[in-house]
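The values are calculated or read from the model by the stated rules, or taken from the named source; none is laboratory data. Note that the structure is predicted; figures quoted are calculated from it, not measured. Every residue, glycine as well, gets a Cβ built from its backbone with ideal geometry; the counts of neighbours run over all protein chains shown. Heads up: the accessible areas ignore ligands, DNA and RNA and are worked out on the full protein's heavy atoms, side chains in. Shrake-Rupley method; radii C 1.70, N 1.55, O 1.52, S 1.80 Å.
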Amino acid sequence: MAVQFDYIAKKGWKPDLNKYLVTLLKVELDEKAVKEARYSHSKKNYSLIKLKKELFQEAAATVAAESSTGTWTKVYDGKESGIPLAHKIRALVFDLDYKKQMFKVAYPLELFELNNISGLLAGIVGNIAGMKMVSAMRVYDVYFPKKMIEQFPGPRYGISGLRRLLKKPKGCLVATVPKPKIGRTDGEQASLAEVLFTSGKGTYEGIKDDENLLSLPFNNFYKRCKMVLSEAKKAEKKTGNKKFYLCNTTHSDLNEMLKRAKYIKQNGGIFMMMDVVTTGFAAVDTIRRNNPGLAIHAHRAMHGFLTRDNSPGVHGMGKLYGFSVSMIVLAKLFRLLGVDSLHGGSPLAKMEDYGEAKYIQQVLQEKSLKPHDKIPTLGQDWQHIKPVWMTASGGIHPGDFETVLDSLGEDIILQCGGGLLGHPDGVEAGVIAIEEARTIYEQGVPLRQFVKDNPESPLARAVEHWGYGPKIVY
Ligand code: CAP
Ligand code: MG
């Protein structure tokens, strides 16, 4: 074993969850590494089963070593080498599952700067994906102990805070991303906002920038922000209903993001949007602690390159083909860092798998989260951290409302971009179709029944156009 210490706990050992942070992983042994070990002198009498078992232990121990106090070879251990302390506070592998090739790693809190998420990740998932003896690895979950959670404020508003700001004590929120994603000028987007906010009964509350709509020559951030927020204010007066604008502040310069946030506040906005994967964990932490009192809407562009895993073993049994970190891990990190709303897919979206969207909603909203019965997970005790809105998005249209709301509950922002702007009878009909879908859901009227009884309604027209199921985006 290429590590100095025993990084595997004694059989049956469990960490004290107040003193350790825990991760849950699965690895796939690299076939070349197995072959090489088979022909090595020291293991030539091993059965393949015994060999694989030992290699799996070695891989798990290497993960714990590399992510805590060890390295690939024995190093100087004499005077002032730091070895005694490194040994004492090393991470330990426990709960090895030889069949699924899964294991947990417990990290004593002394290993971390408790309020530093970027530093934490550099440790627990920093170097381990480079290990040559494994051909695949997935990090499923992380359990944060209370002492670490206490370092973070969590969402400023969360579910109840936003309900208060929007004077909406119950029910889901609806929003639309203008499509085409880029094309409208700032002025044209403001005109669309007016149509969304005031059509039908005037209950439609939200508009959101698309992720790649930033500050462009024909659609300037500052102009757009001012104009759309001014439409929101006018519409609030006209309709008597609160409106919100998820205004995209995303920038690689944090000072510019903070400047944009300040501008939203000056213009009476309550919500800022940021892409949390492309801007990064440090950006989310900094913005949460320094923005001028706005709620944070977190879009997750690029997450698929980290979280997506199509291999048969993604839920434990079977082979893994790639290296990934689950969306569950990301959702936990962003709740801890304090976003107020986060994209989490939908039970009908293209990347949905094994009820993960439902579990992400629970990760974001439950106080004492239990592990999932099928998806490998650890649960979480969230202490003081408030629940977060989940944004259900991606190919959603009015025919999906019943299924999405039945599955995810009402503490969601239902985002229909194409699913409103693609209505065969135009934008106003799109707004009305969504108003109808939300209202009948709240009244307990089954969607299919309403469509049957009101075949000329905008909702029935939407269903005729898109059906009830998911619209897969290829
Ligand atoms: C939705 C969306 C969202 C994706 C990503 C888009 O538009 O604005 O960015 O859904 O969200 O550009 O595709 P549609 P998620 O409503 O027209 O699909 O990460 O939650 O999938
Ligand atoms: Mg988008």
*asked:* Report, in listed order, any pair from Lys11/Lys74; Lys52/Lys132; Lys243/Lys367; Lys170/Lys265; Lys234/Lys259; Lys10/Lys146 with a Cα-Cα distance greater than 23 Å.
replied: Lys11/Lys74; Lys243/Lys367; Lys170/Lys265; Lys234/Lys259; Lys10/Lys146
*Taking 0.36 nm per intervening residue step and subtracting the Cα-Cα distance, what contour gain separates Leu17 from Ser191 on full extension?*
57.3 nm
*In the full protein assembly as shown, how much of Ser47 is accessible to a 1.4 Å probe, in Å² to the nearest 10?*
60 Å²
*Identify, among Gly313, Ala295, Leu21, the residue whose Cα sits farthest towards the positive end of the charge dipole of the chain, taking +1 on the Cβ of Lys and Arg and -1 on the Cβ of Asp and Glu, with the dipole about the Cα centre.*
Leu21
*Would you mind getting the accessible area per residue of the chain, heavy atoms of the protein chains only, 1.4 Å probe, in Å²?*
44 Å²
_Below 8 Å between Cα atoms, with a sequence gap of 6+, how large is the relative contact order for segment 20-149 in percent?_
45 percent
*Determine the distance separating the Cα centre of segment 288-317 from the Cα centre of segment 85-117; give it in Å without decimals.*
23 Å
*asked:* Please list Tyr39, Tyr157 from largest to smallest accessible area, probe radius 1.4 Å, with all protein chains kept in place.
replied: Tyr39, Tyr157
*Assign one of three labels to segment 387-430, namely rounded, prolate or oblate, based on the Cα gyration tensor with a ≥ b ≥ c the square roots of its eigenvalues; rounded applies when a/c is under 1.5, prolate when it is not and a/b is larger than b/c, and oblate otherwise.*
prolate
_Percent carbon-and-sulfur accessible area, the chain, ignoring ligands, DNA and RNA, probe 1.4 Å_ = 53 percent
*Using a 1.4 angstrom probe and counting only protein chains, how large is the accessible area of Val195 in Å², to 10?*
50 Å²
*asked:* Testing the spin-label approximation: label points 7 Å from Cα along Cα→Cβ at Glu31 and Ser311. State their distance in nm.
replied: 1.3 nm
*Once you sort the root eigenvalues of the Cα gyration tensor of the chain as a ≥ b ≥ c, which label holds: rounded (a/c under 1.5), prolate (a/b larger than b/c) or oblate (the other case)?*
prolate
*How far apart, in nm, are the 7 Å Cα→Cβ label points at Asp425 and Val445?*
1.4 nm
_How far apart, in nanometres, would the label points at Tyr468 and Asp406 be if each is projected 7 angstrom from Cα along the Cα-to-Cβ direction?_
0.7 nm
*Sorted by accessible area with a 1.4 angstrom probe, largest first, how do Val27, Val451 fall?*
Val451, Val27
*Just the accessible area for Lys170, please: 1.4 Å probe, Å², rounded to the nearest 10?*
140 Å²
*asked:* Probe radius 1.4 Å, ligands and nucleic acids left out: which of Trp466, Trp382 has the largest accessible area, and how do the rest follow?
replied: Trp466, Trp382
_Computed over segment 12-137, Cα set: Rg, Dmax in Å_ = 15.7, 49
*Mind checking the full-extension length gain between Glu256 and Leu121? Use 0.36 nm per residue of separation minus the Cα-Cα distance, one decimal, nm.*
46.0 nm
*Full extension from Ser47 to Lys452: what is 0.36 nm times the residue separation minus their Cα-Cα distance, to one decimal in nm?*
139.2 nm
